[in-house]
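Working notes for the structure below.
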Amino acid sequence: MQIKRLKLSGFKSFVDPTELRIEPGLTGIVGPNGCGKSNLLEAIRWVMGESSAKSMRGAGMEDVIFAGTSTRPQRDFAEVSLLTVQEQGELFNAVEVGADGELEVTRRIERGAGSAYRANGRDVRAKDVSLIFADAATGPHSPALVSQGRIAAVIAARPQERRAMLEEAAGISGLHVRRKDAEQK
Ligand code: ATP
Ligand code: MG
């Protein structure tokens, strides 16, 4: 799975619709302190299904919605879309992927109404989104997404937490999601 484009609107400091194209090769994002670099990485984790507000540096999930400034009012919703292209042979049972292999996942949160997800325009469940990314050996807890302060956290982690990181890295966390699902049936 490759990420091609990230779109944000009303997410944290990105109040106006913003589009970030990610071309093949290495992409660097530079800017002064507080300009929103970490917010971009958090947007990627959020659209992949992050459910911990704390790991989004907020007290509640609605804290990802633009909170307003002295000159601009707060927004009522935040929306993030991640356009990915699938490698051949990556199959997802939850959604249809077009012939071009493109899959766009969107998450939207409204004040008082919680989060909703779409995949290629169709409403899907949070669980479908978590399977899409788990099957591609990525997701909000992927060790490929290294947030600020994360290195220190890995060093200080308990063995159980480190095991979860290794399972993400080995690409087997999708199996856990499916096992939980099967146990509920
Ligand atoms: P550094 O170089 O210090 O790591 P950074 O570029 O990573 O900085 P971020 O942490 O991504 O910066 O951005 C922080 C900014 O985002 C702060 O100015 C903060 O006020 C703003 N911000 C965070 N959440 C919201 C929100 N809900 N509404 C408006 N602004 C927000
Ligand atoms: Mg930062």
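The values are calculated or read from the model by the stated rules, or taken from the named source; none is laboratory data. Quick caveat, the model's predicted, so the values are computed rather than measured. Glycine also receives a Cβ, built like all others from the backbone with ideal geometry; neighbour counts cover every protein chain displayed.
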State yes or no: is R150 within 16 Å of ligand 1 (Cβ to nearest atom) and either under 24 Å from L82 (Cα atoms) or touching a Leu at 6+ places or on another chain (Cβ under 6 Å) (or both)? yes
Assuming S13 fulfils every condition listed in (1) crowded, with 18+ Cβ neighbours inside 10 Å; (2) within 16 Å of ligand 2 (Cβ to nearest atom); (3) at pLDDT 95 or above apart from one, which condition is it? (1)
Restricted to the range 55-70 and to residues being surrounded by fewer than 16 Cβ atoms within 10 Å (Cβ to Cβ) and within 16 Å of ligand 2 (Cβ to nearest atom), the residue modelled with the lowest pLDDT is S55
Out of (1) within 12 Å of ligand 1 (Cβ to nearest atom); (2) in contact with a helix residue (DSSP H, G or I) (Cβ under 8 Å, 6 or more places away or on another chain), the odd one out for S81 is which? (1)
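Taking the range 24-54 as the search range and keeping residues that are of a type in the set (V, I, T) and assigned to a loop (DSSP other than H, G, I, E, B), which one is modelled with the lowest pLDDT? Spell out how you get there, then give the answer.
First, pick out the residues of the range 24-54 that are of a type in the set (V, I, T): 27, 29-30, 44, 47.
Those still in the list that are assigned to a loop (DSSP other than H, G, I, E, B) too: 27, 29-30.
Values: T27: 92, I29: 95, V30: 97.
Out of the qualifying residues, it is T27.
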